[in-house]
1. Of the residues in segment 56-81, how many are surrounded by fewer than 20 Cβ atoms within 10 Å (Cβ to Cβ), within 15 Å of the chain's Cα centre (by Cα) and on the phi < 0 side of the Ramachandran plot?
2. Among all residue pairs at least 6 apart or on different chains, which show Cβ distances below 6 Å where the first residue, located in segment 152-165, is of a type outside the set (D, E, K, R) and the second is not in a helix (DSSP H, G or I)?
3. Would you mind stating whether LYS148 is away from the ligand (no atom under 13 Å from the Cβ) and surrounded by 15 or more Cβ atoms within 10 Å (Cβ to Cβ)?
4. If you go through segment 56-101, how many residues are in a loop (DSSP other than H, G, I, E, B), within 13 Å of the ligand (Cβ to nearest atom) and in contact with a strand residue (DSSP E or B) (Cβ under 8 Å, 6 or more places away or on another chain)?
5. From VAL114, VAL167, VAL108, which residue is hydrophobic (A, V, I, L, M, F, W, C), buried (at least 18 other Cβ atoms within 10 Å of the Cβ) and over 18 Å from GLY43 (Cβ atoms)?
6. Can you tell me which residues in segment 38-75 are within 17 Å of ARG136 (Cβ to Cβ) and among the hydrophobic types (A, V, I, L, M, F, W, C)?
7. With aromatic (Phe, Trp, Tyr) and either surrounded by 14 or more Cβ atoms within 10 Å (Cβ to Cβ) or over 23 Å from ALA17 (Cα atoms) (or both) as the only criterion, which of PHE123, PHE87 stands out?
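Every read-out reported here was derived from the displayed coordinates using simple, explicitly stated rules and does not represent laboratory data. A quick note: this is a predicted structure, and the numbers were derived from the prediction, not measured. Glycine gets a Cβ as well: all are built from the backbone with ideal geometry, and neighbour counts include every protein chain shown.
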Amino acid sequence: MILPMYIFGQPVLRKVADDVEEDFPNLKELIENMYETLRRSEGVGLAAPQVGVAKRLFIVDLDCLSEDHPEYKGYLKTFINPEIVEFSKETSSYEEGCLSLPGIHENVKRPTRVLVNYLDENFEEHEEWFEEFPARVIQHEYDHLDGKMFIDHLSAFRKQLLKSKLVAMTKGKFEVAYKCKPNR
Ligand code: NI
């Protein structure tokens, strides 16, 4: 089932999400629906708060890039109650977008590598280093669990330039090609 996307202005996007309990009802279904929703919206990552669920869960699907990047064939990863344990000192800058911020794309500086402790969809624990693009997607999605969005990383000047667009967005003035929850 395709879930409606929550767009900037929805309070759930600014909440610190709660841990996922192992007996969280319909967790498997939620995760399946998130993968379907992500595929349909042509994104590479989706966090539960973006579909209105304030839980510490996100998914990454890089398979859609596998035509140009064969190393991402079948790259689907579920992160439950993740913790970023270590960040590299080295950083890089890259343009990001977000399904909850339609029409906004900005360069964001982030550590190039991260060590992540997380549970997979079977509640098995992993601790793993990620680098380059996957590391960026993971940090972007992880931010969502703390009520943060990529625009929070921008300079005051860049934020000022986006202000009117963001205000319009909270009032429901935005265009998307995927299903979303209407902002009042
Ligand atoms: Ni996002």
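1. 3
2. HIS153/VAL108; LEU154/GLU106
3. no
4. 2
5. Within the list VAL114, VAL167, VAL108, the selection yields VAL114.
6. Result: LEU38, VAL44, LEU46, ALA47, PHE58, ILE59, VAL60, LEU62, CYS64, LEU65.
7. PHE87
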